[in-house]
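Following: one structure in structure tokens, then a few remarks.
The values are calculated or read from the model by the stated rules, or taken from the named source; none is laboratory data. Computed from a prediction, not measured in an experiment: that's the story for all the values here. Note: ideal-geometry Cβ built from the backbone for every residue, glycine included; neighbour counts use all protein chains shown. Accessible surface areas use protein heavy atoms only, side chains included; no ligands, DNA or RNA. Shrake-Rupley method; radii C 1.70, N 1.55, O 1.52, S 1.80 Å.
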There are 2 protein chains.
Amino acid sequence: MTKKNSVFIATSIDGYIADKNGGIDWLHSIPNPEKDDMGYMEFIENIDALVMGRKTFETVCGFEIDWPYTKPVFVLSNSLKEIPEKYLGKVFLINGPLVEVLKQIHSKGHGRLYIDGGTTIQQFLKEDLIDEMIITSIPIILGGGAPLFSKIPKELAFELIKSTVFLGQITQNHFRRKRK
Amino acid sequence: MTKKNSVFIATSIDGYIADKNGGIDWLHSIPNPEKDDMGYMEFIENIDALVMGRKTFETVCGFEIDWPYTKPVFVLSNSLKEIPEKYLGKVFLINGPLVEVLKQIHSKGHGRLYIDGGTTIQQFLKEDLIDEMIITSIPIILGGGAPLFSKIPKELAFELIKSTVFLGQITQNHFRRKRK
């Protein structure tokens, strides 16, 4: 089983994933008439499950859309006690040290994981558990908001696998963790 | 006279311009056998003068190299009282509100300015005085250090002019401020 923890996320030039009001309207500031998904569907097809924090889960629940994921979603939370009934069978609560969490998810047959949400990504990076990052950069300085990265103890070298420009304005860099 | 304030700087994936110890060795973590300057000389040829803060000036003075600039350097400082004798005629102290500083520099015939150093760039961005940014991104997460960006009051939209990959590993994005 291939085991891989991947990030697929968009940021501003100054590294925020949500603006000062928690908003993400700026993600759509570049006209996209043909609704280019910038590799999202291809990425999703190649993962087995998602891992996200409670905040991201609740944000997604708040969108006025149907549940957007066809793969199992594991929600990392110590405070949530149960999953709302409508998500049963799709969403699973999980907690504990990340290496244990990963063992549990792997034991269910899910190896290729989409790690989502600022806090969760930061926790994974702190323990050097991210294997690849696909970072899409929108040409705006937000000046504040929720940052993608936080302070971490150790430097982490990556390799650039691919760099793509979408819609003439949006760059997307695919990085793979370079381990010795 | 063309008036333009430009940034040309390298950052880590997580947006730092110096590591936790103030070091910049990581800038050279990608082998560069043919010493590709990644557009630096071309950029320098098209500016009239540099504007930097005291800290950046003192850092450059500390490098064990000859003075690297052929264009006038304006050092923004309230604390420095005089320029060391060896830099007379090359380096000029300047202070006051940025718009006044710019007027003074423009009045000397220097329109196209290279704005350098984290603090100085941040001050210029706070007042929306940056017209273009050429940001070179090294594929490493430093986890801490001196950030390129700081909190600023207003969102600033940019246009992507060009995106280049150097040495197969380093991306460089050229942004131009999009004003209405």
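Tabulated results
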read-out: Unmet criterion (only one of (1) open to solvent by 40 Å² or more (accessible area, probe 1.4 Å); (2) away from every other protein chain (no Cβ under 13 Å)) for B:Leu98; value: (1)
read-out: Some residue of the stretch B:83-92 being in a helix (DSSP H, G or I), within 14 Å of chain A (Cβ to nearest Cβ) and either touching a Cys at 6+ places or on another chain (Cβ under 7 Å) or open to solvent by 80 Å² or more (accessible area, probe 1.4 Å) (or both); value: no
read-out: All positions within the stretch A:135-157 that are of a type in the set (Ser, Thr, Tyr) and either touching a Pro at 6+ places or on another chain (Cβ under 8 Å) or in contact (Cβ under 8 Å) with a residue 60 or more places away in the chain (or both); value: A:Thr136, A:Ser137
read-out: Residue match in the stretch A:141-159 (condition: open to solvent by less than 30 Å² (accessible area, probe 1.4 Å), among the β-branched types (Val, Ile, Thr), closer than 30 Å to B:Arg179 by Cβ and over 20 Å from the mean Cα position of the chain (by Cα)); value: yes
read-out: Total residues in the stretch A:31-73, condition surrounded by 18 or more Cβ atoms within 10 Å (Cβ to Cβ), assigned to a loop (DSSP other than H, G, I, E, B) and of a type in the set (Val, Ile, Thr); value: 1
read-out: The lone exception for B:Ile138 - which of (1) open to solvent by less than 50 Å² (accessible area, probe 1.4 Å); (2) at the interface with another protein chain (Cβ under 9 Å from one of its Cβ atoms); (3) among the β-branched types (Val, Ile, Thr) it fails; value: (2)
read-out: Residues located in the stretch A:165-180, provided they are under 19 Å from the mean Cα position of the chain (by Cα) and over 25 Å from B:Ala146 (Cβ atoms); value: A:Ile170, A:Gln172, A:His174, A:Arg176
read-out: Condition check for B:Leu80: modelled with pLDDT under 95, open to solvent by 50 Å² or more (accessible area, probe 1.4 Å) and either within 14 Å of chain A (Cβ to nearest Cβ) or over 18 Å from the mean Cα position of the chain (by Cα) (or both); value: no
read-out: Condition check for A:Gln104: in a helix (DSSP H, G or I) and modelled with pLDDT of 95 or more; value: yes
read-out: Of all residues in the stretch A:1-20 being at pLDDT 95 or above and open to solvent by 60 Å² or more (accessible area, probe 1.4 Å), the one that is nearest to A:Gly143 (Cα to Cα); value: A:Lys20
read-out: Residue pairs meeting the criteria (Cβ under 9 Å; at least 6 apart or on separate chains; first farther than 21 Å from A:Ile65 by Cα, in the stretch A:78-89; second in a loop (DSSP other than H, G, I, E, B) and open to solvent by 60 Å² or more (accessible area, probe 1.4 Å)); value: A:Asn78/A:Asn95; A:Leu80/A:Asn95
read-out: Matching entry among B:Ile115, B:Ile130 (being over 15 Å from B:Ala18 (Cβ atoms), within 14 Å of another protein chain (Cβ to nearest Cβ) and open to solvent by less than 30 Å² (accessible area, probe 1.4 Å)); value: B:Ile130
